[in-house]
Amino acid sequence: MILLQVNQLTKYFAADLILSNIKFEIQNNDRVALVGRNGAGKSTLLKIIAGIESHESGEIIRPKGTTIGYLAQNTGLESKKSIWEEMIAVFAYLQNMEKDLRRLEEKMSDTDILSSQADYDRVLKEYDFLQVQFKEKGGYQYESDIRSVLHGLNFHSFDYSTKISTLSGGQKTRLALARLLLTRPDILILDEPTNHLDIDTLSWLEQYLQGYDGAILIVSHDRYFLDKVVNQVYEISRHQLEKFPGNYSSYLNKKAENYERDIKLFEKQQDEISKLQDFIQRNLARASTTKRAQSRRKQLDKIDRMDKPMGDEKSASFR
């Protein structure tokens, strides 16, 4: 199922072109890494998809009801609440459903309801329907889910009544990640999520994302993390987007192959251009060869000149 389509998207900052005619799609269970040099527009594209930044042209399409969760780089959770209060607030809708279930249970024990079979059946039907919804949405396990995520993100030694305002910047960043994971959006967008994570916490996050029921879009400079998590890579280079199936190592291998191929084609074209230019310079002024030189000039003008391959895979900074 396609969760998101980006068509012909273009973005400028003032007069500077950042993204040009970007086109891609994300399907359910896709694990996508977005890579490119610093300043290529990776974080900008994430923000556009998340609806935080605008774009000049193009469209972003997603099915009605598709949810997107976005965590910016080094974003800490700022709150006056305690750790537990902030996490449990994610499930306010389940707490409200639970209150409705208790209310219906009280109704079913009411003597007036019990005296009327029709009224009792109506309340029972409403109760059964709500109970099924409550169970399907995780109503009987959300507190366990909270503890599991907090434990995985290294909050197992904390008193959950601790006020978030007393935590360090790194702890607030991990807590922001915990809160986002608990919301379980259809598309999870993470910008450098491995910052402030130790080895054990990073290992837990890798396993959690591998089993995530939804799509994931990640920007990260941790190539080993990407190798464990993603199944496709999109590279932004020269304002364009190119897709590479597989994990980050597969991308590097394919990128290197493409670079070697493209540099040979570029050098071959440069050699051809050099020979044409040399012929034109030597023969244009001579009456006997002017027409041939002019013919070569037309041939030179028709050449669609290649840009020199950049070899981004050799210059990108990865841990």
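Values quoted throughout were computed directly from the atomic coordinates according to the rules given, and no laboratory measurement underlies them. Please read these numbers as outputs of a predicted model, since none were measured by experiment. Neighbour counts run over all protein chains shown; Cβ positions are idealised from the backbone, glycine included.
Lys99 versus Asp198, label points 7 Å from Cα toward the beta carbon: distance in nm?
Between Lys99 and Asp198, the simple spin-label model gives 4.0 nm.
Only Cα pairs within less than 10 Å get springs; with that Gaussian network setup on the chain, which residue of Ile60, Ile303, Ile216 has the largest fluctuation?
Ile303
If a/c stays under 1.5 just call it rounded; otherwise compare a/b with b/c (prolate if a/b is bigger, oblate if not). Do that for segment 82-162, with a ≥ b ≥ c from the square roots of the Cα gyration tensor eigenvalues.
prolate
Hey, with R₀ at 25 Å, roughly what FRET efficiency would Ile2 and Gln240 work out to, going by the Cβ-Cβ distance, to 0.05?
0.70
With +1 on the Cβ of every Lys and Arg and -1 on the Cβ of every Asp and Glu, and nothing else charged, how large is the dipole of the chain about its Cα centre, in debye rounded to the nearest 20?
2300 debye
So for segment 251-315, averaging the separation of alpha carbon pairs under 8 Å that are six or more residues apart and normalising by length, what relative contact order in percent results? Present the calculation step by step, with values, prior to reporting the outcome.
Working: 37 pairs, mean separation 29.9, N = 65.
The value is 46 percent.
In the chain, what % of DSSP beta bridges are antiparallel (nearest 5)?
Antiparallel bridges make up about 55 percent of those DSSP assigns within the chain.
Using helices alone, what [θ] at 222 nm do you get for the chain, with -39,500 (n - 2.57) per DSSP H run of 4 or more residues, divided over all residues and rounded to the nearest 500?
Rounded to the nearest 500, the figure is -15000 deg cm²/dmol.
Work out the length of the dipole vector of segment 82-162 about its Cα centre, built from +1 on the beta-carbon of each Lys and Arg and -1 on the beta-carbon of each Asp and Glu, and round it to the nearest 20 debye.
So the dipole magnitude of segment 82-162 works out to roughly 160 debye.
Using the Cα centre as the reference, give the magnitude of the dipole from point charges on the C-beta atoms of segment 251-315 (Lys, Arg: +1; Asp, Glu: -1; all else neutral), rounded to the nearest 20 debye.
560 debye
Enter the per residue convex hull volume of the chain, computed from alpha-carbon coordinates, in Å³ rounded to the nearest integer.
182 Å³
Between Lys302 and Ser54, what is the label-point separation in nm under the 7 Å Cα-to-beta-carbon projection?
4.5 nm
Which of rounded, prolate or oblate describes segment 251-315 when judged by the alpha-carbon gyration tensor and an a/c cut-off of 1.5?
prolate
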